[in-house]
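Here's the structure we're looking at; comments come further down.
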Ligand SMILES: [Zn+2]
């Protein structure tokens, strides 16, 4: 059965907006949160903020946070920045690959369906069925396709433009608790959040900053891989491109009844994280091989290889040993001898040392 049968999406959209307003308000008055500035100050001074327990609360077991905890938080944050880079958005496959396996499994098992119901510029809004474990019946997921505008003005093939847009970076948000308390901070620091941003570190729930997508977002990503949804988006892209003065001047475009009929036929299979990870690894390998095979790089690599593998003759070995003995007698560091021969013979000092 179609889980969206009888849903009035305009009505639901207003409910989502009201819920988000309430969540923002609660969040605004929430205490016991930890700002990046507090983390920085504490690490620099080596002292926890005064009244730390009142200010930031305690660990789950009731013991207070320590400077080591804060240092760990800062390291997790740096790893994250490195992992996702600094550009706006991250490609969907990379986000799926970086997600926790448990979230992928929940997306496959607990979430029945996700339906695109609104487009506003480059931002797609989805209604996603909830797992039924909590109060909510539906969750709202927003995905912004960061390359949409660039491809909207592509003179070439619109299908290809859409394929490239979907393979390009995205930003997203979900209104569920998992996203709010585990991943919104990750998305904010990683540069793939849609407002509201989260400035408070998830020090209790996700202090390692692992994972990035809740099951609803993952379901939406899987849905975006369906050819039916891609076709629909291509039509929307054409529609937007035909509007006069489109840039920055789009209204909230709700899907029509016809659009929904088409979208309801989308076949959405399971997400296969292993397959996506393998494909990403293959692409990295390919890029690496291309890099290695460039003539300039090939020469560089060959030179480095020669340096490491060139064999010393017996005569050279005897010569080096002689100089080493001399150096030892006068308390000179052996390294200077290795380095001298390395320069002379075009080898690495380590390779020489190993062969003696
Ligand atoms: Zn969610």
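Run through every distinct alpha carbon pair of the stretch 145-237 and return the Kirkwood hydrodynamic radius in angstroms, one decimal place.
Details: mean 1/r = 0.0688 Å⁻¹.
Roughly 14.5 Å, rounded to one decimal.
Each peptide in 225-231, 173-179, 57-63 gets a packing score, the mean of other Cβ atoms within 10 Å over its residues, and the list from highest to lowest is 173-179, 225-231, 57-63. Among 209-219, 115-125, 272-282, sorting by the average number of other beta carbon atoms lying within 10 angstrom of each residue, highest first, gives 209-219, 115-125, 272-282. The residue 5 and residue 153 beta-carbon pair, evaluated with R₀ = 45 Å, returns a calculated FRET efficiency of approximately 0.75. The label point for residue 284 and the one for residue 304, both projected 7 Å from the Cα toward the Cβ, are 1.7 nm apart. Each label point was placed 7 Å from the Cα along the Cα-to-Cβ direction; for residue 322 and residue 345 their separation is 1.5 nm. Across the chain, Cα pairs under 8 Å and at least six residues apart give a relative contact order of 17 percent. Each helix, a run of at least 4 DSSP H residues, gives -39500 (n - 2.57); summed and divided by the residues of the chain, these come to -16500 deg cm²/dmol at 222 nm.
Approximating the spin labels as points 7 Å out from Cα along Cα→Cβ, the residue 242-to-residue 133 distance works out to 4.5 nm. Based on the alpha carbons, how large is the Rg to Rh ratio for the stretch 59-175 when Rh follows Kirkwood? Rg/Rh: 1.07. Taking a label point 7 Å from the Cα of residue 12 along the Cα→Cβ vector, which residues of the stretch 170-191 have an amide N closer than 18 Å to it? Only 173-177 pass the distance filter.
How high is the relative contact order of the stretch 150-259, in percent, with contacts defined as C-alpha pairs under 8 Å that are six or more residues apart? Intermediate results must be reported in sequence, preceding the final value.
Working: 79 pairs, mean separation 30.2, N = 110.
27 percent.
How much space per residue, in cubic angstrom, does the convex hull of the C-alpha atoms of the chain take up? Display every interim value, and only then the final one.
Values: hull volume 79.5 nm³, N = 356.
That works out to 223 Å³ per residue.
Determine, from the Cβ-Cβ distance of residue 331 and residue 296 and an R0 of 51 Å, the FRET efficiency 1/(1 + (r/R0)^6), rounded to the nearest 0.05. Taking R0 as 51 Å, the efficiency between residue 331 and residue 296 is 0.70.
Test of understanding: express the Cα radius of gyration of the stretch 295-355 as a ratio to 2.2 N^0.38 Å, with N the residue count.
1.25
Any read-out appearing in this document is the output of simple, stated calculations on the displayed coordinates, not a laboratory observation. Everything numeric here is computed off the predicted structure, so don't read it as measured data. Neighbour counts are summed over all protein chains in view; Cβ atoms, including those assigned to glycine, are modelled from backbone coordinates with ideal geometry.
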